[in-house]
Amino acid sequence: MAAGYTAARSGRFYTITPNSVGMADWDWTALGAPESGPQGICVRSINFSASGADTLIIRDGSTTGPEIYRLATAAATDDAPNREGFGKGVWMRPYILASEQTFTTPANCHITFELA
């Protein structure tokens, strides 16, 4: 796993949690998912559990790739949608650029990828 994150897998769900110290860029290759290929991973949904007034931006493939997902919350209890569904699944190469994220308490944020 890339420095600055911890990961856990449960079935087809991969949950990424930023560490409270030393947050760093993260990309999908760090998952080591057996389901992955050159085109990335096939994702059915992205779920984000916020810790406060947080912003999560996920790009495709690199620091300059197009945005796949963006969510800004006003508080941890914000009613803003925190799930993006992709039907039966979309191939993507999720990349999280640390400098674009604003997490109130990084260790309390969770980003879950549901694989198809």
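Could you say whether any residue in the stretch 74-97 is hydrophobic (A, V, I, L, M, F, W, C), without any contact (Cβ under 8 Å) to a residue 24 or more places away in the chain and closer than 16 Å to Ile46 by Cα?
yes
So which of Ala3, Ala24, Ala53 ends up being surrounded by 13 or more Cβ atoms within 10 Å (Cβ to Cβ), in a loop (DSSP other than H, G, I, E, B) and modelled with pLDDT under 80?
It is Ala24.
Could we say that Thr102 is at pLDDT 90 or above and more than 11 Å from the chain's Cα centre (by Cα) here?
no
For the stretch 69-89, give me each residue that is among the hydrophobic types (A, V, I, L, M, F, W, C), modelled with pLDDT under 90 and either crowded, with 16+ Cβ neighbours inside 10 Å or over 22 Å from Ser99 (Cα atoms) (or both).
Leu71, Ala80
The values are calculated or read from the model by the stated rules, or taken from the named source; none is laboratory data. These figures come from a predicted structure and were not determined experimentally. Counting neighbours? That spans all protein chains shown, and the Cβs are built from the backbone with ideal geometry, glycine included.
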